[in-house]
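J.: Right, I'll just put the structure down here and ask away after.
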Amino acid sequence: MASPANVSAREESDGEGSSQYPSGELRRPKFEYFGWVYHLGVNKIGHEFCHLRFLFIRGKYVEMYKRDPHENPGIKPLRRGVVGHNLMVEELGRRRVNNGDIYALRFYNRLDESKKGEIACSSAGEARKWIEAFDQAKQQAEYDILRRGSAIDKLNMEPEINLDGHRHRVRRYTHGLRKLIRIGQGPETLLRQSSGLVVNDRSDGHLEPDCDAIEAHKWKCVCTINGIRIFEDVANTKGGNGVLVKSVGIVNASVDTVFEVLLSLEPSVRYEWDMLTSDLELVESLDGHYDVLYGTYDPKFFTWWNSKRDFVFSRQWFRGQDGTYTILQFPAVHKKQPPQSGYQRTKINPSSWEIRSLRASTSSESASCLLTHMLEIKSSSWCSWKKDHGFKLENSIPFALLCQVAGLKEYIGANPALTLKSLTTVIDSKSSDSSVSSAEYEDTGVADEFYDAITAGLSDDDDEDTDDDVEVNQKDQKVKLKNVSWAIASLTLKRTSAPDVNKELDSTVPSVPIHPSQFHGSLRQGRDDNDTNCWTSPDGMGFMIRGKTYLKDNCKVRGGDPLLKLIAVDWIKNENSIDKVALRPFCVVQSEAGKKLPFILVVNLQIPARPNYNMVFYYAADRPVNRSSLLGKFVEGNELFRDSRFKLIPSIVKGYWMVKRAVGTKACLLGKAVTCRYLRQDNFLEIDVDIASSSVARSVVGLVLGYVTSLVVDLAILVEAKEEAELPEYLLGVVRLNCIKLDSAVESLVVFDAFCNSFSGHLPAELESVKVLSLAGNYFSWQAPSESGSSKSLEFFHLAGNFLNGGIPSELGNLQTVSDMEIGYDSCQGDIP
């Protein structure tokens, strides 16, 4: 099954040649995106459905049709809704439906994940373009909020959103024109099963330089063959036992096309370019980004031994925010594929693929990408070939794997249909009379959000529809999404960027001395970089960030010393992920020394596993944050602004090379990749990063946890600078994690024994993970907050010898796990809950 998404985007100006409000404020053109997708879900009788639908996005609104409204004027939408600021879009990856592959997207409200819905496309590239379309819709909603307060009611915005806060830069587009953008080939491809690959157009995105962290690899070209270059890593800092080699070639096709060819299991396709792993079959698909494959090959081209070979390997893939695809391949063992009679089981070398888009010139007729295949070869075999060329590398399996780049390059070059690039069509704004105007749609007063609209109960027409009534116009041209794109620039390694402390922090207030000895987290600080199971504070020279002239020449510079000082790290495990760490009684923030600090940034990485882990970093400032600075806008701003600016740069300094490839060295806007929750109180801002909210992030973290005891990881956090006045960027904080042991994580508070002290006031509310709570012999009173009855782990609750009188609060009746509650020597009366 294939499902190309016919997305079109139309750009509208709000007046005839007028681009400004009377006040001089720039108008933002409204975009329209539309196209064919699959709507996935479960109907009212519990059956799964997969319906062909025409999706239409107008500004911040969305409609779903049974037919194309351009060809059927006056048709009413099946569903309609609004794209709210809490809408999150997650790539669920590839699914197998009716012997065909589709790529699913999930929509959900980050504050209420019960509100959700799914659509599917024919390729990962088209799914990516729909993500861009919904991101554009969220930007439109955000712009409307900033422009007029009435939009708040329509989008059900939280009351704490500050409409007078940061205004996102308004992009300038051609005024008086509408721009038609179409993705995919139309529903005719949806209605037939085809063994051919769908041709995808290329969408320009925001391209960062090759990496945002300095890597230790030193690549040396050792030979060129069949139009590709083969490199060897000559550095001495490899994490594996073998030699790292890679083959690199330029393929004249989009990254999406190359990705589809690599993932295809069709023999008719793989026989054309793959001489080793062309006979593959799917063993198990674990999720949309991970599967297990079984393959066979005849070794007669590699050795005199004639026994046929078979192998099993796992394949994991994901796409970065810059559009780069990474595919990891590991040897595997699977119970469904034991060794077969007549075959000798062998292992395929661990390898990785990287598909990175190359920015094409404006006169170029085709897209192109850089294809890299990296694998690990036994040192003995590689050294034998280098010393004695009588050892025929070309007769080895590693060589066959390296030459897959050349085979794929030639295959795509021999199939012009795979290298087509769509053309951009610009039409007059008055030529689309068949479409409903955005103003007409806004007058309907739709208040439902998009996930509500696509999960609403099916109408009778919707239940009874068939896929036979969809017609297509094959003459529609496909074009790429127009977006701001950045060229890849050279890196200026000799320059560094240091924060302007007087600009970011309040220079009128005396600094407060920060003594690290006053702060203690559960993970200890290391003595030096050779220490293990600890953290240290490196400088920021290993990271590349935007320089002063970045908007002009895309030049990045080395990061300098961070603005904030890392004072402690907590390494916690618990049955459930922990939110609001800064409010817990024994947290660094709640200590006497912590309360005296002007500002603390708490970054809480919630790591999904069994049990769940929390890695919490505490960064402190010696002076209050300047509210007018970029950091001040981030700290005091709304969630929209924070999500669009909070950035993390990872770097595996030491460890297995496959883990390095999985993690990468690219900066990531966390608010757009995973769900982030923010807590701003008193002298701190806490950021809870829910890694489990993204299937891709879960998969990568799962791989990292398997090697974590041998990894040295550097992490840098910063606020992304997008305006010239905000440049150069600076690092907020840096941390190095040295070979962390999972069993060293401490359990969150389990026993709280405050027997016979002088505590007073109300009973504490933070009882989520406490099993034993002893408050006997103090001066507590009733009026327990409602949260006190929400604990699911409390077993022993001792309150004897306090000033408890009157009736026992009914909230304590919810403590169903409590087996021992003592309230002796008090003056309680009434019923027991």
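J.: If you take the residues of the range 557-578 that are under 23 Å from the mean Cα position of the chain (by Cα) and either modelled with pLDDT under 90 or not assigned by TED's automatic domain parsing to the domain that holds Arg623 (or both), which of them is surrounded by the fewest Cβ atoms within 10 Å (Cβ to Cβ)?
T.: The selected residue is Asn576.
J.: Something else: Can you tell me how many residues within the range 75-111 are within 20 Å of the chain's Cα centre (by Cα) and without any contact (Cβ under 8 Å) to a residue 24 or more places away in the chain?
T.: Within the range 75-111, residues that are within 20 Å of the chain's Cα centre (by Cα) and without any contact (Cβ under 8 Å) to a residue 24 or more places away in the chain number 1.
J.: Just give me the residues in the range 210-227 being touching a residue at least 60 places away in the same chain (Cβ under 8 Å), closer than 30 Å to Gln321 by Cβ and part of a loop (DSSP other than H, G, I, E, B), in sequence order.
T.: Within the range 210-227, Asp210, Cys211, Asp212, Ile214, Glu215, Ala216 meet the criteria.
J.: Check the range 39-48 and report whether any residue there is among the polar types (S, T, N, Q), modelled with pLDDT under 85 and more than 28 Å from Val292 (Cα to Cα).
T.: There is at least one residue in the range 39-48 that is among the polar types (S, T, N, Q), modelled with pLDDT under 85 and more than 28 Å from Val292 (Cα to Cα).
J.: State which residue is surrounded by the most Cβ atoms within 10 Å (Cβ to Cβ) when the search covers only the range 334-348 and only residues that are under 28 Å from Glu260 (Cβ atoms) and either at pLDDT 90 or above or touching a His at 6+ places or on another chain (Cβ under 8 Å) (or both).
T.: Gln337
J.: Taking Glu63, is it in contact with a helix residue (DSSP H, G or I) (Cβ under 7 Å, 6 or more places away or on another chain) and surrounded by 20 or more Cβ atoms within 10 Å (Cβ to Cβ)? Step through it out loud before you land on a result.
T.: Numbers: in contact with a helix residue (DSSP H, G or I) (Cβ under 7 Å, 6 or more places away or on another chain): no; surrounded by 20 or more Cβ atoms within 10 Å (Cβ to Cβ): yes.
In short, no.
J.: Right, here's the next one. Among (1) crowded, with 19+ Cβ neighbours inside 10 Å; (2) in contact with a helix residue (DSSP H, G or I) (Cβ under 7 Å, 6 or more places away or on another chain); (3) in contact (Cβ under 8 Å) with a residue 40 or more places away in the chain; (4) over 17 Å from Ser748 (Cβ atoms), where does Asp643 come up short?
T.: It is condition (3) that Asp643 fails.
J.: I need a count of the residues in the range 539-556 that are surrounded by fewer than 19 Cβ atoms within 10 Å (Cβ to Cβ) and closer than 22 Å to Ala620 by Cβ.
T.: Count: 2.
J.: Filter the range 579-607 for residues that are surrounded by fewer than 20 Cβ atoms within 10 Å (Cβ to Cβ), modelled with pLDDT under 95 and not acidic (Asp, Glu) and give the result.
T.: Those that are surrounded by fewer than 20 Cβ atoms within 10 Å (Cβ to Cβ), modelled with pLDDT under 95 and not acidic (Asp, Glu): Lys580, Leu583, Arg584, Pro585, Phe586, Gln590, Ser591, Ala593, Lys595, Lys596.
J.: Look through the range 275-310, keep the residues that are acidic (Asp, Glu) and modelled with pLDDT of 90 or more, and return whichever of them is nearest to Lys335 (Cα to Cα). Give the steps one after another, and end with the answer.
T.: Of all residues in the range 275-310, those acidic (Asp, Glu) come to 279, 281, 284, 287, 291, 298, 310.
From the residues that got through so far, the ones that are modelled with pLDDT of 90 or more too are 279, 281, 284, 291, 310.
Numbers: Asp279: 20, Glu281: 15, Glu284: 11, Asp291: 14, Asp310: 15 Å.
Of everything passing the filter in the range 275-310, Glu284 is nearest to Lys335 (Cα to Cα).
J.: Is it true that some residue in the range 635-653 is of a type in the set (Asp, Glu) and under 20 Å from the mean Cα position of the chain (by Cα)?
T.: Taking the range 635-653 and keeping what is of a type in the set (Asp, Glu), we get 636, 639, 643.
Subset that is under 20 Å from the mean Cα position of the chain (by Cα): 639, 643.
Yes, that holds for at least one residue.
J.: Turning to a different aspect of this structure: Can you name the residue in the range 748-767 that is in contact with a strand residue (DSSP E or B) (Cβ under 6 Å, 6 or more places away or on another chain) and at pLDDT 60 or above and, of all such residues, is surrounded by the most Cβ atoms within 10 Å (Cβ to Cβ)?
T.: Ser748
J.: Residues in the range 664-681 that are farther than 11 Å from Val603 by Cα, in contact (Cβ under 8 Å) with a residue 24 or more places away in the chain and not in a helix (DSSP H, G or I): how many?
T.: Residues that pass the stated criteria total 9.
Residues are listed down the side, and each one gets a yes or a no for (1) touching a strand residue (DSSP E or B) at 6+ places or on another chain (Cβ under 8 Å); (2) within 26 Å of Asp500 (Cβ to Cβ):
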{"residue": "Arg558", "(1), (2)": "yes, yes"}
{"residue": "Lys596", "(1), (2)": "no, yes"}
{"residue": "Asn604", "(1), (2)": "yes, no"}
{"residue": "Pro611", "(1), (2)": "yes, no"}
{"residue": "Ala621", "(1), (2)": "yes, yes"}
{"residue": "Val635", "(1), (2)": "yes, yes"}
{"residue": "Asn638", "(1), (2)": "no, yes"}
{"residue": "Met658", "(1), (2)": "yes, no"}
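J.: Regarding Leu481, is this residue exposed (fewer than 13 other Cβ atoms within 10 Å of the Cβ), at pLDDT below 75 and either assigned to a loop (DSSP other than H, G, I, E, B) or not basic (Lys, Arg) (or both)? Talk me through it step by step, then tell me what you get.
T.: On the way: exposed (fewer than 13 other Cβ atoms within 10 Å of the Cβ): no; at pLDDT below 75: yes; either assigned to a loop (DSSP other than H, G, I, E, B) or not basic (Lys, Arg) (or both): yes.
Criteria not met by Leu481.
J.: For the range 529-556, which positions are on the phi > 0 side of the Ramachandran plot and modelled with pLDDT under 90?
T.: Of everything in the range 529-556, just one residue is on the phi > 0 side of the Ramachandran plot and modelled with pLDDT under 90, namely Asn554.
The values are calculated or read from the model by the stated rules, or taken from the named source; none is laboratory data. Source: prediction; values computed, not measured. Neighbour counts run over all protein chains shown; Cβ positions are idealised from the backbone, glycine included.
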